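The values are calculated or read from the model by the stated rules, or taken from the named source; none is laboratory data. These numbers were taken from a predicted model, which means no experiment stands behind them. Using ideal geometry, Cβ is built from the backbone for each residue, glycine included, and neighbour counts are taken over all protein chains shown.
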Amino acid sequence: MNETLLQSWNDAWPAVKCSKPLTTGAGVIDESTFNTIEVEKVFNTLNYASTLAGQAVLFRSLTQPLNSLEKIKAKQEALEELRTNLPLKENIEYLIENAAAQEKNFYLLLFGKFLGSFETAREEHEIEGYGYLQYKRGVRFMLELVARIKAAEAPQSAYLKSIFDKITAFADTRPYSLMEGPAYITENGIKCKQERKGLFPLAIIFRPRIFKPVLIILFFAMVWTLAHFFPTDIFAISVEAIPTAFIFFVPLLLIYFPIVGGFDRDSCIIPLRNEFKNSEAVAQALDALGQLDELVSFLKFAEAFAHSMVLPQLIDAAHHRIKLIDAKNPVLGKENTRYVGNDFVLEDEKLVFITGPNSGGKTAFCKTVTQIQLLAQIGCFVPAKSATLTVADKIFYQVPEISHLNDGEGRFGTELKRTKDIFLATTARSLVVLDELSEGTTFEEKMESSSNVLNGFYRKGNSTVLITHNHQLVDNFVNQGLGLSKQVEFANESPTYKLIDGISRVSHADRVAKKIGFSKEDIDSYLAGSE
């Protein structure tokens, strides 16, 4: 189970990108894959969440995607309900809009730094005075969230119902009762009204305001009593002397404010906020708000995308399968109306080789496949005309890594360690993309090592995609009837960014060298000019 947002913030000021991928083999993606497939760019593309909680939940979903078919389908059903039930969608959007305007008040209450009595707040996380205003605004955020959910139309989909239930269930908890007030300060700690026992318990009622009418009335009643029963010249104040008498109340106020305000802050507000911050009920309600915002963000993403968007059809199978029609990259295709889509089918074959010259679109396409798989596993729409796939228990994307000076392995050993970690973590339900294999060694050793690795993945049964310039390696596997061969298409020396059948046997290295101004002719020209 994922950490709640309150747990992940861990007493720090709330941040959107507070979640991290799990270690290799522990989650669907690991840190290396997270970086390689540019998940942060996917987040920026997908992020239409209005609340900080919604953005943090969305980022958490991308770093730790679901691997449960049932849970993903539940999110899809919720999206379908919101897409077809416009009144419910508009109600939730209005709720989120109001929450976005107030949620910082709640974070200030939970995580703000109290200043001295007479200091002025200069940062968003600082609280001046005794914290009465911040307390009232903070609890109002949670109370209004519950009230708006209770007033909203009840959803039908199980995922939406579970979100609504988390928030409405908060109304039956001790933290909610304390927020609603009053809170009672007793010798046994702070009590809510449901916990108050006895008709006249010995307790101080906490209300978030500096002026305490009962306390002030008791003070003047005491003065009146003393004047009535012990008449002396001290209490014999004429009408004309009343303005002068008020001067003597100023020192009393200077004593009153620090004593009463300091007591409320230290004995009431700070203990209450600590309880709220560590409350599982508060954490679940806040996460539920983020989950609502995440769903609305998915809808806005689909509406803003320049191409066809679908909710993928999820199927159950013994090994990973994927079929995409006119798939486009979620990041690059968002606003590019001319972005070229591709079909991709990897079902029973389990192994596919993608060849072709540099800058032809091999890497962009493989990132498209892995990013679409990732979007599918957070319950989101994907950029394609149709998409059918299984849920991957692991998604890996390996690229050549530079060895460190102190690892003693060199480039080949560093890469092979990563490949081994991926191999051991995968199952038949995994999706693996390998960008070249066995770099940093001789051609003969590269052929042998790459063949061994690919045979191992093939026998495991997962979907494996290899990007390579090594057409001899591809020939060996295709001649054995193992795997599919695809290549990026070029026309008139320029890439079309289409994926077609076949094996590319050219590199177009000279074309790339000319493009960057470092061809043989460029070198000769430079040397001739320097002589």
So for segment 465-472 (the condition being closer than 21 Å to N329 by Cα and of a type outside the set (A, V, I, L, M, F, W, C)), does at least one residue qualify? yes
Do you know which of the residues in segment 4-17 that are in contact (Cβ under 8 Å) with a residue 40 or more places away in the chain and part of a loop (DSSP other than H, G, I, E, B) is nearest to L289 (Cα to Cα)? T4
Note on segment 62-81: residues over 13 Å from F301 (Cβ atoms), assigned to a helix (DSSP H, G or I) and of a type outside the set (V, I, T) are L69, E70, K71, K73, A74, K75, Q76, E77, A78, E80, E81
Among the residues of segment 146-162, what is the count of those that are touching an Asp or Glu at 6+ places or on another chain (Cβ under 9 Å) and not in a loop (DSSP other than H, G, I, E, B)? 3
Looking at segment 308-334 only, could you name the residues that are part of a strand (DSSP E or B) and over 19 Å from K73 (Cα atoms)? I325, D326, A327
Go through segment 31-47 residue by residue and tally those that are under 30 Å from Q102 (Cβ atoms) and in a loop (DSSP other than H, G, I, E, B). 1
Considering each of L178, L143 in turn, give the residue that is assigned by TED's automatic domain parsing to the domain that holds K73 and aliphatic (A, V, I, L, M). L143
Report every pair of residues separated by at least 6 positions or lying on different chains whose Cβ atoms are under 8 Å apart, first residue within segment 151-169 and farther than 17 Å from E90 by Cα, second acidic (D, E) and surrounded by fewer than 19 Cβ atoms within 10 Å (Cβ to Cβ). A158/E77; Y159/E77
Quick check on D287: is it under 22 Å from the mean Cα position of the chain (by Cα), closer than 19 Å to P65 by Cβ and of a type in the set (D, E)? yes
Please state which one of Q156, Q102 is more than 26 Å from I259 (Cα to Cα) and surrounded by fewer than 16 Cβ atoms within 10 Å (Cβ to Cβ). Q156
In contact with a helix residue (DSSP H, G or I) (Cβ under 7 Å, 6 or more places away or on another chain) and either at pLDDT below 95 or hydroxyl-bearing (S, T, Y) (or both): is that true of T355 in this structure? yes
For I190, indicate whether it is in the same structural domain as Q76 (by TED's automatic domain parsing) and crowded, with 17+ Cβ neighbours inside 10 Å. no
Test of understanding: among V310, V282, V296, which residue is within 19 Å of A171 (Cβ to Cβ) and either assigned by TED's automatic domain parsing to the domain that holds T390 or of a type in the set (A, V, I, L, M) (or both)? V282
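What about S50, is it part of a loop (DSSP other than H, G, I, E, B), on the phi < 0 side of the Ramachandran plot and not assigned by TED's automatic domain parsing to the domain that holds H320?
Against the criterion (part of a loop (DSSP other than H, G, I, E, B), on the phi < 0 side of the Ramachandran plot and not assigned by TED's automatic domain parsing to the domain that holds H320), S50 qualifies.
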Restricting attention to segment 372-399, report how many residues are under 18 Å from E40 (Cα atoms) and part of a loop (DSSP other than H, G, I, E, B). 7
Number of positions in segment 335-353 that are assigned to a strand (DSSP E or B) and free of Cβ contacts under 8 Å to residues at least 24 places away in the same chain: 1
